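The values are calculated or read from the model by the stated rules, or taken from the named source; none is laboratory data. As the structure is a computational prediction, the values presented were derived from the model and not from experiment. In this analysis, Cβ positions are derived from the backbone assuming ideal geometry, glycine residues included, and neighbour counts consider all displayed protein chains.
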Amino acid sequence: MTIGSSHLSSAIRILLLAACSACLCSSAQAKQKDVVIMTNGDQITGEVKRLQNGLLYVETDYVSGNIGLDWNQVESVQSTATFQVVLINGKRLEGRIERKSGKGTETEDFKIHGVNGEVEVSSAEIATMETKKATFWRQLQGSIDFGYNFTSGNSQSSLNVDTSTAYKAPKWEATTSFDSTFSGQSGASKTNREDAQISFTRYLNRNSFLMSLTEFLHSSQQDLDLRTTLGGGYGRYLKRTTNSSFAWLGGLVYIHEHFGTSAGSPSGQSEEAVVGLQCNYVRFNFGNFNCQALVFPSLTDPGRIRATTNNGLTIKLRNNFHLSFSLWDNFDSRPPATAKKNELGTSMGVGYSF
């Protein structure tokens, strides 16, 4: 059964609605009175949100949006909230947190008060921390990006919309994303690309994980009405710190394709292996860089190889806004006779993170 473009449009609307609902459904509760003291003596009172990519995010009553603090310059933290803590060795803990002042990062200056007792580690061993929220909607994280370009000389325009949401639990994580790109020129053909992805990650011991992959891709440049990808595999973090991560993934996927032309089109159904790399790097007070590269050698159509890459650079602005730059590429060694083997695209826009 082939999933039509109307079904893809319905899935797109659901993803956009989920992203917008997450922005609008945050409950207006009183902020906790957590206390953060910096190494220079500054004291900040508010609600500690999370530690991510080397930044400790705190929400206060007198600043619009969250404040991002350099984790290496935090002297102490006291919070009454429950956090999900991930160490750089992959161990996962849950409980109230406390960073004690007067000790260097080489000592066990960080304490997690869990239901099964207290655990003391060095603050340099903390990779991420996430507040355990009371409701599903408050636990969601994500971003919405929008970009538009127009050139009057040749009446050329392009539009791109990118959304992503993630729900994180101590032992698993679910993410969804949707990317749409449209470009056209007066008197010339128009092109569009729509890509919806859903993934589920189940964390195993330490740095290993299992991941499921689901993707729906439409690309006019490659005469691809719809490609449905279903599968998954095993992965492992090769490196993880407070501001960077690097992981590999290997597995199997099932592909169902429907092209707009029958001239030289590949088989509608196939099985492929998948191998890939994922990396993330953050620079304090600037932004972050994400990269994913996947290769799909076909098992049922020998000699056919597909490859995809998605890369993004985010530069921080004020009040959770940011500039976003992305580069993506789809390669197919055996596309239809009328289609291109390679489809490369870039986009720039303004986004909001929640």
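Matching residues to (1) over 16 Å from the mean Cα position of the chain (by Cα); (2) not acidic (Asp, Glu):
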residue	(1), (2)
222	yes, yes
228	yes, yes
244	no, yes
301	yes, no
314	no, yes
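Among the candidates 150, 178, the residue that is part of a strand (DSSP E or B), free of Cβ contacts under 8 Å to residues at least 60 places away in the same chain and closer than 30 Å to residue 340 by Cβ is uniquely 150. Taking region 204-238 as the range and being within 18 Å of residue 125 (Cα to Cα) and out of contact with any Ser or Thr (no Cβ under 7 Å at 6 or more places or on another chain) as the test, the residues that pass are 205, 206, 207, 208, 238. Scanning region 125-147 for residues that are over 30 Å from residue 108 (Cβ atoms) and either polar (S, T, N, Q) or at pLDDT 80 or above (or both) yields a total of 7. Here residue 80 fulfils each of the conditions (1) within 14 Å of residue 97 (Cα to Cα); (2) surrounded by 18 or more Cβ atoms within 10 Å (Cβ to Cβ) apart from (2).
A Cβ distance below 7 Å, combined with a sequence gap of six or more or placement on separate chains, defines the contacts here; from region 213-228, residues that are assigned by TED's automatic domain parsing to the domain that holds residue 253 and in contact (Cβ under 8 Å) with a residue 12 or more places away in the chain reach residues that are assigned to a strand (DSSP E or B) and aromatic (Phe, Trp, Tyr) in the pairs 223/259; 224/259; 225/259; 226/216; 228/216. Among the conditions (1) surrounded by fewer than 20 Cβ atoms within 10 Å (Cβ to Cβ); (2) modelled with pLDDT under 55, the only one that residue 22 does not satisfy is (1). Does residue 53 satisfy the criteria of being surrounded by fewer than 15 Cβ atoms within 10 Å (Cβ to Cβ) and either outside the structural domain of residue 240 (by TED's automatic domain parsing) or touching a residue at least 40 places away in the same chain (Cβ under 8 Å) (or both)? In short, no.
Taken over region 60-119, residues that are polar (S, T, N, Q), assigned to a strand (DSSP E or B) and modelled with pLDDT of 85 or more amount to 3.
Evaluation of residue 345 against the conditions (1) assigned to a strand (DSSP E or B); (2) surrounded by fewer than 16 Cβ atoms within 10 Å (Cβ to Cβ); (3) at pLDDT below 90 shows that the sole unmet condition is (2).
Inside region 294-323, residues that are in contact with a Gly (Cβ under 6 Å, 6 or more places away or on another chain) and closer than 21 Å to residue 161 by Cα make up a count of 6.
Among the residues of region 33-69 satisfying the criterion of being over 18 Å from residue 318 (Cα atoms) and of a type in the set (Asp, Glu), which is farthest from the chain's Cα centre (by Cα)? Per the stated criteria, the residue is 42.
Just one of the listed residues (191, 163, 181, 176) is crowded, with 20+ Cβ neighbours inside 10 Å and over 17 Å from the mean Cα position of the chain (by Cα), and it is 181.
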